[in-house]
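Undergrad: Could you have a look at this structure, given as structure tokens, before my questions?
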Amino acid sequence: MNHAPIDGVTWSQAPEENFTGRVWFGPMAGDYSSGNGVIVLGVQFAPGARTDWHWHPGGQVLHVVSGAGFVANRSGERVAMAAGDTVTIPRDEVHWHGAAPDSPMLHLSITSGGATQWEPEKVTDGDYLPDQPTT
């Protein structure tokens, strides 16, 4: 997985308090300080890495650039994503997203309406792979 600067984007490791596994992000467009407007963020996930549960006041659009992964919400709706796919998450919908267990994933995250709101809860292995037996 490449987490070096790409086309002028400087990648930083994502904080462990909001992610599981190795994740990097790079601001691509928008102003994080204003809390308004549209923010575009590149997010690179190592295989099996994922966000914690969270939501966005203005919703979120995810566009997968490479690799494969999942996005799921509290209702149990789960969508597999692969390169070229675009998924829209409604405003205030609590969800998570991340790479498949056997594939890294790079997606663009497009949000508006202010900062990501993190739930105080990690995505469990059962949430991540609900069809797998637990040990």
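Undergrad: Give me the residue from region 1-52 that is β-branched (Val, Ile, Thr) and at pLDDT 95 or above and, out of that set, farthest from Gly126 (Cα to Cα). Talk me through it step by step, then tell me what you get.
TA: Going through region 1-52, the residues β-branched (Val, Ile, Thr) turn out to be 6, 9-10, 20, 23, 38-40, 43, 51.
Pick out the ones that are also at pLDDT 95 or above and you get 20, 23, 43, 51.
Details: Thr20: 14, Val23: 20, Val43: 23, Thr51: 14 Å.
That would be Val43.
Undergrad: For Ser112, state whether it is over 17 Å from Ala14 (Cβ atoms), hydroxyl-bearing (Ser, Thr, Tyr) and in contact (Cβ under 8 Å) with a residue 24 or more places away in the chain.
TA: Against the criterion (over 17 Å from Ala14 (Cβ atoms), hydroxyl-bearing (Ser, Thr, Tyr) and in contact (Cβ under 8 Å) with a residue 24 or more places away in the chain), Ser112 qualifies.
Undergrad: Checking Thr51 against (1) in contact (Cβ under 8 Å) with a residue 24 or more places away in the chain; (2) of a type in the set (S, T, N, Q); (3) surrounded by fewer than 20 Cβ atoms within 10 Å (Cβ to Cβ); (4) closer than 19 Å to Glu16 by Cβ, which test does it fail?
TA: Unmet condition: (3).
Undergrad: Here's something else I'd like to know. How many residues does region 81-93 contain that are surrounded by 13 or more Cβ atoms within 10 Å (Cβ to Cβ) and either free of Cβ contacts under 8 Å to residues at least 12 places away in the same chain or not basic (Lys, Arg) (or both)?
TA: So the count comes out to 7.
Undergrad: Consider Gly98 carefully, then state whether it is under 21 Å from Gly126 (Cβ atoms) and buried (at least 16 other Cβ atoms within 10 Å of the Cβ).
TA: Numbers: under 21 Å from Gly126 (Cβ atoms): yes; buried (at least 16 other Cβ atoms within 10 Å of the Cβ): yes.
So Gly98 fits the description; yes.
Undergrad: Can you name every residue in region 54-80 that is polar (S, T, N, Q) and crowded, with 18+ Cβ neighbours inside 10 Å?
TA: Residues of region 54-80 that are polar (S, T, N, Q), as a first pass: 60, 66, 73, 75.
The answer is Gln60, and nothing else.
Undergrad: Given the structure, is Pro101 closer than 21 Å to Arg22 by Cα, free of Cβ contacts under 8 Å to residues at least 40 places away in the same chain and part of a loop (DSSP other than H, G, I, E, B)? Don't jump to the end; show me each part of the working.
TA: Numbers: closer than 21 Å to Arg22 by Cα: yes; free of Cβ contacts under 8 Å to residues at least 40 places away in the same chain: no; part of a loop (DSSP other than H, G, I, E, B): yes.
So Pro101 fails the test.
The values are calculated or read from the model by the stated rules, or taken from the named source; none is laboratory data. Since we're looking at a predicted model, the values are computed, not measured. Every residue, glycine as well, gets a Cβ built from its backbone with ideal geometry; the counts of neighbours run over all protein chains shown.
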